[in-house]
Amino acid sequence: MLKRKFDKSRLPSRHVTEGPARAPHRSYYYAMGMSEEEIHQPLVGVATCWNEAAPCNIALSRQAQAVKMGVSQGEGTPREFTTITVTDGIAMGHEGMRSSLASREAIADTVELTMRGHCYDALVGLAGCDKSLPGMMMAMVRLNVPSVFIYGGSILPGRLDGKDVTVQDVFEAVGRHQAGDYSDEQLAVLERVACPSAGACGGQFTANTMACVSEAMGLALPNSSGAPAPYESRDQYGEASGRAVMDLLEKNIRARDIVTLKSLQNAARVVACTGGSTNAGLHLPAIAHEAGIDFFLDDVCEIFRDTPYFVDLKPGGQFVAKDLYEAGGVPVVMKELRKAGLLHEDCLTVTGRSIGEELDLVEREADGRVVHPVATPITATGGVVGLKGNLAPQGAIVKVAGMAAEEQRFTGPARVFECEEDAFAAVKAREYEEGEVIVIRNEGPAGGPGMREMLATTAALSGQGMGKKVALITDGRFSGATRGFCVGHVGPEAAHGGPIALIRNGDMITIDAIGGELSVDVSDEELKARRDAWQGPRETIYASGALWKYAQIVGETYKGAVTHPGGKAEKHVYMDL
């Protein structure tokens, strides 16, 4: 086989490998056992979020070795490095969750710094958890190097009493246990079987949603997001991803050639039709921001509004990621979207072919069970809906997948809590009434700080059988595993003086997912009077450290809660320095 010719004089790695002045740098590479040939080949960063925090990350180191083999086969020199992950499943329900969203920025920042510091020419990123997926993709787009993303894969579903179970069932069982309907012994059995393998949470929660996004945007190889983490085919996808990044480097196809406004719109379509996580409304704008593209919550929700929901996945539906993979995965889903004229087919992918060309290769059709035909969807509009009104001038978002139309409008008196802990304690003690709208505020990106997810509270409500009898709104977030009428991302957040900061107990709140409304029955004059009397943001306990720093610089939720000016402000291109 003929060797490829890479012009090192045009690659970043020339700064650390070429010429007499770089002899000290090369001595370090020789110290690690690299050959002269390997030193002078392109250097490819292989970044993982491996750690022992949770099962979603535990297989990433194994998969990285397969990626490195692929890079080597493509005549590149792989350089593996790791970054952090904060795993939501472990961080959920306590102070640790404040670190979750901030970790997305830390992942993007540390990958960027590692790539820049060592002058790597291309990037393959492996991630397996809610914030590590968007964080890794943000780094790729920010650096604008030839890049391939690969998901670590989902967990296998557990089995109990002849049914599939996931961690969602465990959270909801806690609510049933609090209600006296589930024993200590039953809980002990369930917690031991719900998560039987490595991999991320199995339903269409945030990790699997963002894995689907990676394919839909074209940053990941087709169908690579579907195989569960324990499957050996994940290693085959890893090896193929390593080869693919070398092809991209040879052709000078960079991340922003792939991540465009059109490809982001394709990704939003896939989120909507699969009933994906509301967190996509936060992460898609953040990825767009890295490319200098304005693609805000409103834009995402506009796509959600006219996209049919036709993939029956948990938490609103019946099936898990493994079932979608066995039904043909994201390519079959996108093939259905194409039939309805809802896809930009000319978008480039990491294969070097367009989305349309890739879909031409897909022979499988919707199975009618996991993936319904787009002509006969589960519902005519997406499983995730945007809301606006005098309570959310900058917007809010709610997942309605699995909810009947009559359940998508709710009016009730507010019961206000200043933080999640207060709300959870009240729910646990049943100190709320059927028909109320539970308001949890001061949980936004700046005010929390960290924009925590409220799964512990929503799961407790579901476990008590009250998931459809109350509604919940917050300037924080909800887990992809949340179900029930739960509105998140209410903006502006309370810490920025948004209307949610001015709500009082008993105010009548209307949530109308069909009409796209989130409003409070309080006059503009009264809201102004309350704002004039507002004492300012609630003081937090975070007066120093990473979360203090994050709170000072994080931006508005509807723009993705980002922490730097983004692609529009750039004055140089890393690859061209």
- Task: Would you please state the base-10 log of I(q)/I(0) at q = 0.13, 0.20 1/Å for the range 171-320, with intensities from the Debye formula using one equal scatterer on every alpha carbon?
- Result: -0.73, -1.24
- Checked against a 20 Å limit on the C-alpha separation, the offending pairs among Lys428/Lys468; Lys8/Lys251; Lys335/Lys559; Lys131/Lys559 are Lys335/Lys559
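What is the ratio of the Cα radius of gyration of the range 1-60 to 2.2 N^0.38 Å, where N is its residue count, to two decimals? It would help to have the intermediate numbers written out before the result.
Working: Rg = 15.8 Å, N = 60, 2.2 N^0.38 = 10.4 Å.
Against the compact-globule rule of thumb, the ratio is 1.51.
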- Task: Give the residue from Gly506, Tyr30, Pro78 lying farthest towards the positive end of the charge dipole for the chain; charges sit on Cβ (+1 for Lys and Arg, -1 for Asp and Glu) and the dipole is referred to the Cα centre.
- Result: Tyr30
- Message: Going by average Cβ density within 10 Å per residue, which order do the peptides 309-315, 431-437 take, highest to lowest?
- Response: 309-315, 431-437
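Is the shape of the range 97-161 best called rounded, prolate or oblate, per the rule: a/c under 1.5 gives rounded, else a/b larger than b/c gives prolate, else oblate, with a ≥ b ≥ c the square roots of the Cα gyration tensor eigenvalues?
Values: a/c = 3.53, a/b = 1.79, b/c = 1.97.
Oblate, because a/c is 1.5 or more while a/b does not exceed b/c.
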- Rounding to the nearest 20 debye, state how big the charge dipole of the range 254-322 is about its Cα centre with +1 on each Lys and Arg Cβ and -1 on each Asp and Glu Cβ. 320
- What is the helix-to-structure angle for 184-193, meaning the angle in degrees between its Cα long axis and the longest Cα principal axis of the chain, kept from 0 to 90 and rounded to the nearest 10? 20
- Mean ellipticity per residue at 222 nm, deg cm²/dmol - from DSSP H runs of n ≥ 4 across the chain, formula -39500 (n - 2.57): -11000 deg cm²/dmol
- Message: From Cα pairs below 8 angstrom and at least 6 apart in sequence, can you work out the relative contact order of the range 1-87, rounded to a whole percent?
- Response: 29
- Where trypsin sites (Lys or Arg not before Pro) fall in DSSP loop in the range 481-577, at most 11 other Cβ within 10 Å: Lys571
- Item | Coarse-grained scattering of the range 197-264 at q = 0.14, 0.22, 0.26 Å⁻¹, given as base-10 log I(q)/I(0) from a Debye sum over alpha-carbon atoms | -0.49, -1.02, -1.19
- Could you pull out every one of the lysines with an alpha carbon less than 20 Å from that of Lys339, ignoring same-chain neighbours closer than 8 positions? Lys262
- Å² of accessible area per residue within the range 190-341, as computed with a 1.4 Å probe and no ligands counted: 26
- Positive end of the charge dipole of the range 291-387 (Lys, Arg +1 and Asp, Glu -1 on Cβ, about the Cα centre): tell me which of His372, Gly317, Gly356 has its Cα farthest that way. Gly317
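Let me have the relative contact order for the chain, percent, based on Cα pairs under 8 Å that are six or more residues apart.
Values: 1403 pairs, mean separation 86.7, N = 577.
Result for the chain is 15 percent.
How much area per residue is accessible in the range 387-499 when the probe is 1.4 Å and only protein heavy atoms are counted (Å²)? Mind showing how you got there, number by number?
Values: 3080 Å² over 113 residues.
That works out to 27 Å² for each residue.
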- On a 0 to 90 degree scale, rounded to 10, what angle separates helix 206-217 from the longest Cα axis of the chain? 50
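Quick one: plug the Kirkwood hydrodynamic radius of the chain (C-alpha pairs) into Stokes-Einstein at 20 °C, 1.002 mPa s, and report D in µm²/s. List each step's numbers first, then the result.
Values: Rh = 24.0 Å.
For the chosen part, D equals 89 µm²/s.
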- Task: Provide the descending list of Cα extents for the range 262-387 along its principal axes, expressed in whole angstroms.
- Result: 38, 36, 24
- Which distance in nm do the two modelled labels at Glu18 and Val189 give, with both placed 7 Å along the Cα-to-Cβ direction? 6.6
- Query: Which of the trypsin sites (Lys or Arg not before Pro) across the range 1-110 are loop residues per DSSP, with 12 or fewer other Cβ within 10 Å?
  - Reply: Lys3, Lys5
- Query: Where does helix 524-533 land angle-wise versus the long Cα axis of the chain, in degrees 0 to 90, nearest 10?
  - Reply: 80
- Query: Just how far, in whole angstrom, is the range 194-216 from the range 242-315 if you go by their alpha carbon centroids?
  - Reply: 16
- Note on the structure: Out of Thr540, Thr557, Ala529 - ranked by how far each Cα lies towards the positive end of the dipole of the range 514-577, with unit charges on the beta-carbon of charged residues - the top one is Thr540
- Task: Bin all alpha-carbon pair distances of the range 413-508 at 10 Å intervals from 0 and give each bin's fraction as a whole percent.
- Result: 18, 56, 25, 1
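Met508 to Glu357: extension gain in nm, 0.36 nm per residue of separation minus the Cα-Cα distance? Please report the intermediate quantities before stating the final value.
On the way: separation 151, 0.36 × 151 = 54.36 nm, distance 5.18 nm.
49.2 nm is the gain from fully extending Met508 to Glu357.
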- For the range 200-290, run through the GluC sites (Glu not before Pro) and keep only the ones in DSSP coil with at most 14 other Cβ atoms within 10 Å of their Cβ. Glu232
- Task: Could you give the size of the charge dipole of the chain about its Cα centre, using +1 on the Cβ of each K and R and -1 on the Cβ of each D and E, expressed in debye and rounded to the nearest 20?
- Result: 1260
- Could you work out the equivalent-ellipsoid semi-axes for the range 262-334, taking the square root of 5 times each eigenvalue of the Cα gyration tensor, largest first, in whole Å? 23, 12, 11
- Accessible surface of the chain, 1.4 Å probe, proportion on carbon and sulfur as whole %: 51
- Using the Kirkwood radius over Cα pairs, work out the Stokes-Einstein diffusion coefficient for the range 225-266 at 4 °C and 1.567 mPa s, in µm²/s as a whole number. 107
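Ranked highest first by the average count of other Cβ atoms within 10 Å around their residues, in what order do 84-91, 143-150, 387-394 fall?
Details: 84-91: 23.0, 143-150: 28.8, 387-394: 20.8.
Result, highest mean first: 143-150, 84-91, 387-394.
The values are calculated or read from the model by the stated rules, or taken from the named source; none is laboratory data. Just so it is clear, the model here is predicted, and its values are computed rather than measured. Don't worry about glycine lacking a Cβ; one is built from the backbone with ideal geometry, like all the others, and counts go over all protein chains shown. For accessibility, only protein heavy atoms count, side chains too; no ligands or nucleic acids. Shrake-Rupley method; radii C 1.70, N 1.55, O 1.52, S 1.80 Å.
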